[in-house]
Amino acid sequence: MLRMLGEYLVLMFATFKRPDKGPVFRRQLMIEFMGLGVDSFGIVIIISVFTGAIVALQTAYNIDSPLIPLTMVGFTTRQMMILEFSPTIISLILAGKVGSRIASEIGTMRVTEQIDALRVMGVNPANYLILPKITASMLFNPVLIIFSMVLGIAGGWAACVISGLVTSTDYIAGLRSWFEPYTVTYAIIKTLVFAFIIASVSGYLGYYIKGGSVEVGAASTKAVVYSSILIIFFDLILTQLLLV
């Protein structure tokens with residue numbers, strides 16, 4: 001663990017050096033925006049809409065007491081999507097989709113000696129390969145998370161209206177009740193931390209790989225597992241620091 005931590009810190013130090021050529025960095029950043037961000041919209045849309053609908057329906061079905069107003073369905077759906085589901089669960093899904101992609105891409109370049117070739121040409125491989133991925137993730141993931149929040153809340157509204165369990169007026173009234181803008185800030189802070197974890201840990205595992213195609217597959221799996229564990233761990237820490 002100490003050796004891995006030391007290698008990770010050394011790699012991050014090399015990664016965050018100033019890029020040698022700004023235009024090259026910007027071109028790589030645009031490529032990563034497409035590969036890591038835009039291509040993830042589909043899975044975020046599907047999961048967010050259906051999860052928001054499930055949360056709303058389950059809340060409505062479990063309100064048995066007449067003393068609890070139906071406006072609580074909209075309130076609960078909003079809080080669940082903003083505080084936990086969108087920033088944390090979507091980040092876990094992105095760890096599987098994006099993290100494995102980063103680890104396998106960099107790992108393949110390592111086993112085919114492309115990283116060694118970059119170093120021979122005088123290019124900083126860590127900066128060239130990993131920094132655009134970290135930057136793209138930290139810039140684009142908050143967009144995905146906000147998009148997920150909106151879609152989840154909209155999915156909950158649609159499910160309530162279609163099923164007839166909650167009226168549109170009650171649901172919207174719940175959405176507007178006791179809203180604290182800080183909850184969105186909290187979600188964005190978590191998203192930025194999780195985005196850094198996904199990109200940096202996956203990049204590290206791919207960068208230091210040794211072996212062939214089998215090891216590339218193993219590194220991709222480790223990237224998903226390690227990123228997911230760290231996301232849950234830092235979710236607890238950030239919740240204690242920012243909400244309690």
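At a glance:
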| quantity | calculated |
| --- | --- |
| Residue tally, condition buried (at least 18 other Cβ atoms within 10 Å of the Cβ), touching a residue at least 24 places away in the same chain (Cβ under 8 Å) and over 21 Å from the mean Cα position of the chain (by Cα), over the range 54-68 | 3 |
| Qualifying residue in the range 148-166 (condition: touching a Pro at 6+ places or on another chain (Cβ under 7 Å) and within 30 Å of S100 (Cβ to Cβ)) | no |
| Selection status of M4, farther than 21 Å from P142 by Cα, outside any loop (DSSP other than H, G, I, E, B) and modelled with pLDDT of 80 or more | yes |
| Spans of helices (runs of 4 or more DSSP H) in the range 109-186 with at least 2 residues within 19 Å of A60 (Cβ to Cβ) | 131-163, 168-176 |
| V214 vs. criteria more than 23 Å from P132 (Cα to Cα), modelled with pLDDT of 85 or more and out of contact with any Lys or Arg (no Cβ under 7 Å at 6 or more places or on another chain) | no |
| Criterion violated by V184 - all others in (1) surrounded by 15 or more Cβ atoms within 10 Å (Cβ to Cβ); (2) under 16 Å from I93 (Cβ atoms) satisfied | (2) |
| For S91: the one exception among (1) buried (at least 19 other Cβ atoms within 10 Å of the Cβ); (2) without any contact (Cβ under 8 Å) to a residue 12 or more places away in the chain | (2) |
| Those residues of the range 166-181 which are buried (at least 19 other Cβ atoms within 10 Å of the Cβ) and touching a Phe, Trp or Tyr at 6+ places or on another chain (Cβ under 6 Å), in sequence order | Y171, G174 |
| Selection status of A117, out of contact with any Asp or Glu (no Cβ under 8 Å at 6 or more places or on another chain), surrounded by 22 or more Cβ atoms within 10 Å (Cβ to Cβ) and over 20 Å from I146 (Cα atoms) | no |
| Criterion violated by T71 - all others in (1) polar (S, T, N, Q); (2) more than 29 Å from the chain's Cα centre (by Cα); (3) surrounded by fewer than 18 Cβ atoms within 10 Å (Cβ to Cβ) satisfied | (3) |
| Evaluation of S91 against (1) under 22 Å from the mean Cα position of the chain (by Cα); (2) polar (S, T, N, Q); (3) outside any helix (DSSP H, G or I) (one fails), failing number | (3) |
| Residues of the range 177-198 that turn out to be farther than 25 Å from P132 by Cα and without any contact (Cβ under 8 Å) to a residue 60 or more places away in the chain, as a count | 3 |
| Test: residue in the range 188-198 that is out of contact with any Phe, Trp or Tyr (no Cβ under 7 Å at 6 or more places or on another chain), assigned to a helix (DSSP H, G or I), aromatic (F, W, Y) and more than 30 Å from I102 (Cα to Cα) | no |
| Pair list, Cβ under 9 Å, 6 or more apart: the range 207-218 residue surrounded by 12 or more Cβ atoms within 10 Å (Cβ to Cβ), other residue not in a helix (DSSP H, G or I) | Y207/I130; E215/I209; V216/I209; A218/I209; A218/G211 |
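The values are calculated or read from the model by the stated rules, or taken from the named source; none is laboratory data. As the structure is a computational prediction, the values presented were derived from the model and not from experiment. Cβ sites come from the backbone with ideal geometry, for glycine too, and all protein chains shown count toward neighbours.
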